[in-house]
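Below is one structure; the comments refer to it alone.
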Amino acid sequence: MRDARSLANLMLLPSGLILVAFFLLPVSYFFVVSFWRVRSYKLQADATLDQYVEVFTGYWVPLLYTFAVALAIALAVTLIAFGFAFYCRFRAGRYGMPLLFLALLTLFGGYLTKIYTWKTILGAEGILNSALMLTGLTDAPITAFLFNPVAVVITLAHYTLPIAILPIFGSLRGIDEVPLDAARDLGAGPCRSFRDVVLPQAWPGLVTAFALTFLFAAGDYVTPMLVGGPNTSMIGVFIQSQFGHRVDAPLGSAMSFTVIALSLAVILGFAGTTRYFTRVR
Amino acid sequence: MGSRIEMGAPRAGRTAAVRAASPLVLLAGVGKSYGAMTAVEPLDLAVGHGEFLAILGPSGCGKTTLLKMIGGFLAPSTGTIRIGGADVTRLGPERRPTNMVFQGYGLFPHMTVAQNVAYGLRLQKRPAGEVAERVAEALRLGALEGFDARPVTALSGGQQQRVAVARALVMRPKVLLLDEPLAALDLKLRKAMQEELRRIHRSIGGTFIFVTHDQEEAMGLASRIVVMERGCIVQDGTPEEIYAEPKTRFVSGFIGEANMLPGRRERGLVRVNGSLCFPDPGPDGPITLMLRPEAARVATGESPVVGIDSLALRGQVRDIVFLGAVTRYAIAIEGGTLLHVTDSDSELRRRLEVGVPVTVHWPQRSHRVIAEA
Amino acid sequence: MRRGGILWHGFAGLVLLFMLTPLFILVLFCFSRNALLSFPIAGFTLDWFRKLFEHPQFWPSLRNSLIITVTVGVVSTVAGTMAALATARLRRAWSISLTLLVTLPVMLPPLMLGVALLSYFASIGMRLGLPTVIMSHLVFTQPFVVAIVAARMASFDHAAVESARDLGASRLRAFFNVTLPIIRPSVIGAALIAMALSLDDFVVTLFTIGGGSTLPIFMWGMLRKGVDPTINVIAVLLMLLSIGISLVGLRATRYRG
């Protein structure tokens, strides 16, 4: 037995090494950096909360904006993903699995590719405008499609939708259909059995989908840069610039951990609220 | 017993005449077909108050479809269903006075035992006090006291089965439907649960309809058995009737063990296996002689004594299996057909061994001659 | 439950349309003669492919992408599979918390992972280049390997391995003769999914590669210069590569989350 235990430890070693050396250590170091400061382009060890103060005083607008956009995306995507997964599981019969497969194909469509595609679709000389003008619906290109928050929401929703469908379908797949019949037998209509039997069991999938979508949206910077335009300054853009021309790692770090901490708070809030509404009464 | 859970029906023990006059469940011409495929041929069935009815048949015979139509999970293609006099043909399960114990139980996996049992009452918006009282009562009936707060996923198969029964019975249905209620349990547990179900049926005096493919289960539980084959009811009667007087070859083969000997009837004379010939009135044509293993006797010696109204066939012992209470002999009769005979006589067992010539005999009244269609 | 009404079908149709149309449009336009991405399409051509293949940066980027993708695929599959096998023999509570720990990096947005690794590599004086990119990709590809192989191990019949040992096979032999053949589809699938993720990554790569280039980085450079139909071609190439790899991967594992 002792032999088996040490073998298991040995087998965990490479994986653990990757986790510690390239994830836990970097993230911990990066967290410590958020309490440091930069003097004449050099990092200096310190123990100051200045960076966090700076984040909340100087960057509260993009922070707020980021969370509003991320929340809109996460809520919309979770809802739509749930609808689609529910359809595939309970309403589409034998077409459910092929339809789900089609949707999940786009999971690997390419990150930059998708953003770029939406930029070309929504642009002033882009596909949507030229199609509208060709069909005579408009005379001049509509510039309002691109470089606004809606474009960011659409693009990120498109990217995160398959990511959200996956865990939700996973939890719906585990729901046995016999208890649904049992609920009806005991007097529940379709809405009641949905609320009492389906939702509580789908809850873990919903929370996972919301968390993945929210974190991704809150931490993204390429989408706002490419389709968001100058007025959609999401916090990711500022984080990224601290490591580009501004070289202020402590501030960038403080921003990152602020975003992560607040995101976790939002996710916990979502989990708690939805748990309350799906609890067994 | 004084259990306060009772089903919305008069107490069992009313006369048969009352039952026949106003059956609780009445199916008239009820059938179900999917396109060209017919699951249940249009059939009639009446179930009286207090009956414990088994619908018995092999898989695919339409028994579960029939039960689901009674419960309201499937709409019949033809016919009407009445429960307690009211036409429920078009009502969904949530509006019928029936409750179901599902195959695999269909418990709510995210709820505790008590939450499962209370669910239907909560939907009816019963006062909390009444819910608690009736749930406690149902749990006591299912011998589940103390399990209230357990998650149902942490229970054993037998316990889950009892939760499913309690969850249905707490609703005080006019009819309790059970779909293969014991199929998921192992043999020992199945025997125990049979007793449990009989006890519950006795103590509340309700009407139970259950579906099974297991003839022993049907015999052990039901007061009346309906045998189905290929969407049709082929026989309807008490377990004793069905065992002793199966109407078709299928029923006799399906219920208990039986020896089947093919033969012909011509002008009131039945001939079986070449040597056997006896009078038996009925239409001419091919017949099957059905003989239960325990109905025949084995005799040794050149000219054994058999009763005057008995039939006898000569043969040779091929196999002897000691089963505890009885011993089973396989005897090859003339023509090579194997007859199985069970006997509890230990003295006989000592005298017989494989290869010994014997005579198999039985009184005429203990076999059945079944005309082949 | 009733089968869905017209509203349900319509909703699902719209969702699929939203998800798939952009990708179709992209494929369509990489064969279009138009210099601008707009209707009407003036005709079809393969010129953009030729232009891309003649681009001086294309081949080095492709080479780097392949080096990174294959190395990451192999290393994360070996490490992740070993970890999944080890956790499968642990007690349930342990294996769950270990799996959670390993999958933690997936929750971190790529931007944060990228800048954290950038600062870390700078602080320990490691030069940025392909090795640092590979190390970084291992962090977020390994969790998928562990999850996929662990899911397979959950329904694994350990008696098969024990009988091999009983018949005289050493631990290692039993692994190669019994365990690996049984779980091979899952392992291959996990490797392909890890490769698809690595190939597609842009954000983490951008921060950890220093001066070099991969296909997504190359595409990013062209994107910043403006609209050029060769971008369509490289986008489609990337898309087809990653969809192709993951299709084969999903097929192999039948993994659905």
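Can you tell me the FRET efficiency between B:LEU269 and B:SER22 if r is taken as the Cβ-Cβ distance and R0 is 41 Å, rounded to the nearest 0.05? Write down the numbers at each step before the final one.
On the way: r = 47 Å, r/R0 = 1.14.
Working from the Cβ atoms, E equals 0.30.
Full-extension gain between C:ILE124 and C:ARG224, please, as 0.36 nm times their residue separation minus the C-alpha to C-alpha distance.
On the way: separation 100, 0.36 × 100 = 36.00 nm, distance 3.17 nm.
Working it through step by step, the gained length comes to 32.8 nm.
Over all residues in C:139-150, what is the mean tally of Cβ atoms on other chains that come within 10 Å of each residue's Cβ?
Per-residue shielding by partner chains comes out at 2.
Over the Cα atoms of the protein assembly as shown, what Rg and Dmax result, in angstrom?
Rg, Dmax (Cα atoms, Å): 37.0, 124.
From the phi of every residue in region B:253-261, what ³J(HN,Hα) in whole Hz does the Karplus formula 6.51 cos²θ - 1.76 cosθ + 1.60 yield, where θ is phi - 60° and glycine or proline is x?
Calculated HN-Hα couplings, in order: x, 7, 9, x, 8, 8, 8, 10, 10 Hz.
Over the C-alpha atoms of region A:25-103, what are the Rg and the largest Cα-to-Cα span, Dmax, in Å?
Answer for region A:25-103, Rg first and Dmax second: 22.4, 65 Å.
At a Förster radius of 51 Å, what calculated FRET efficiency corresponds to the Cβ-Cβ distance of B:GLU130 and B:ALA36, to the nearest 0.05?
Efficiency computed from Cβ-Cβ geometry: 0.55.
Using only Cα atoms and rounding to the nearest 10 degrees, what angle (0 to 90) does helix C:215-225 make with the longest principal axis of chain C?
With rounding to tens, the tilt is 30 degrees.
With 30 Å as the limit, write out which pairs from A:LYS42/C:LYS225; B:LYS125/B:LYS191; B:LYS63/B:LYS191; B:LYS63/B:LYS174; B:LYS68/B:LYS247 have Cα-Cα distances beyond it, or answer none. If you can, show how the numbers build up before the last one.
Working: A:LYS42/C:LYS225 32 Å; B:LYS125/B:LYS191 37 Å; B:LYS63/B:LYS191 22 Å; B:LYS63/B:LYS174 20 Å; B:LYS68/B:LYS247 27 Å.
Violating the 30 Å Cα-Cα cut-off are A:LYS42/C:LYS225; B:LYS125/B:LYS191.
Of all DSSP beta bridges located in the protein assembly as shown, what percent are antiparallel, nearest 5?
Here the share of antiparallel DSSP bridges comes out near 80 percent.
In Å² (nearest 100), what accessible area is buried between A and C, both sides summed, heavy protein atoms only, 1.4 Å probe?
Working: alone 16550 and 15650 Å², together 24630 Å².
So the total buried area for this chain pair works out to about 7600 Å².
So how much accessible area does B:VAL326 have, in Å² to the nearest 10, using a 1.4 Å probe?
It works out to around 50 Å².
P(r) of region C:57-252 in 10 Å steps, Cα pairs, percent per bin?
9, 30, 31, 18, 9, 2, 0
Once ligands and nucleic acids are excluded and a 1.4 Å probe is used, how much of B:THR238 is accessible, expressed in Å² to the nearest 10?
Probe radius 1.4 Å; accessible area of B:THR238 about 50 Å².
Note down the nm distance, to one decimal, between modelled labels 7 Å out along Cα→Cβ at C:LEU167 and at A:ARG275.
5.0 nm
Take every residue in peptide C:14-25, count the Cβ atoms of other chains within 10 Å of its Cβ, and give the average of those counts. Let's see the in-between values first.
Numbers: counts 2, 9, 5, 0, 7, 14, 5, 3, 13, 8, 1, 6.
Per residue, the average neighbour count from other chains is 6.
Pairs of alpha-carbon atoms within less than 8 angstrom and 6+ residues apart define the contacts here; what relative contact order does region A:85-201 have, in percent?
Numbers: 77 pairs, mean separation 28.8, N = 117.
Averaging sequence separation for qualifying contacts and normalising by length gives 25 percent for region A:85-201.
Return a whole-number percent for the relative contact order of chain C, with Cα pairs under 8 Å and 6 or more residues apart as the contact set. Let's see the in-between values first.
Numbers: 283 pairs, mean separation 76.4, N = 257.
It comes to 30 percent, rounded to a whole number.
May I ask you to order B:154-166, B:31-43, B:347-359 by the average number of other C-beta atoms within 10 Å around their residues, highest value first? Walk me through the numbers before you get to the answer.
Working: B:154-166: 20.5, B:31-43: 15.8, B:347-359: 13.4.
Most protected by this proxy first, the peptides run B:154-166, B:31-43, B:347-359.
Classify region A:42-190 from the C-alpha gyration tensor, please: rounded if a/c falls under 1.5, else prolate or oblate depending on whether a/b exceeds b/c.
Working: a/c = 2.45, a/b = 1.28, b/c = 1.91.
Oblate, since a/c reaches 1.5 and b/c is not below a/b.
Can you send over the solvent-accessible area of A:LEU268, 1.4 Å probe, protein chains only, in Å² to the nearest 10?
Spelled out: A:LEU268, probe radius 1.4 Å, area about 130 Å².
What would the Debye formula give as log10 I(q)/I(0) at q = 0.09, 0.16, 0.19, 0.24 Å⁻¹ for the alpha-carbon point model of region B:257-371, no solvent?
Normalising to I(0) and taking log10 leaves -0.24, -0.72, -0.98, -1.45.
Label A:LEU137 and C:PHE44 with points 7 Å out from Cα along Cα→Cβ: what is the distance between them in nm?
Modelled inter-label distance: 2.6 nm.
Taking chain B as the reference, fit the longest principal axis to its C-alpha atoms, fit the long axis of helix B:157-169 to the helix C-alpha atoms, and give the angle between the two in degrees, 0 to 90, nearest 10.
The angle comes out at about 60 degrees.
May I ask for log10 I(q)/I(0) of chain B at q = 0.07, 0.10, 0.12, 0.15 Å⁻¹, from a Debye sum over the Cα atoms as equal point scatterers with solvent left out?
-0.41, -0.75, -0.96, -1.23
Would you mind computing, in nm to one decimal, how far apart the modelled labels at C:LEU28 and A:PHE56 are, each placed 7 Å from Cα along Cα→Cβ?
Output for this residue pair reads 5.1 nm.
So how tilted is helix B:113-123 from the main axis of chain B? Cα-based, degrees 0 to 90, rounded to 10.
60 degrees
In whole Å, what are the Cα extents of region C:44-86 along the three principal axes, biggest one first?
The Cα atoms of region C:44-86 stretch 53, 23, 6 Å along the principal axes, largest first.
The values are calculated or read from the model by the stated rules, or taken from the named source; none is laboratory data. Quick caveat: nothing in here was measured; it's all calculated off a predicted structure. No Cβ is skipped: glycine too gets one built from the backbone with ideal geometry, and neighbour counts run over all protein chains shown. Heavy atoms of the whole protein, side chains included, go into the accessibility calculation; ligands, DNA and RNA do not. Shrake-Rupley method; radii C 1.70, N 1.55, O 1.52, S 1.80 Å.
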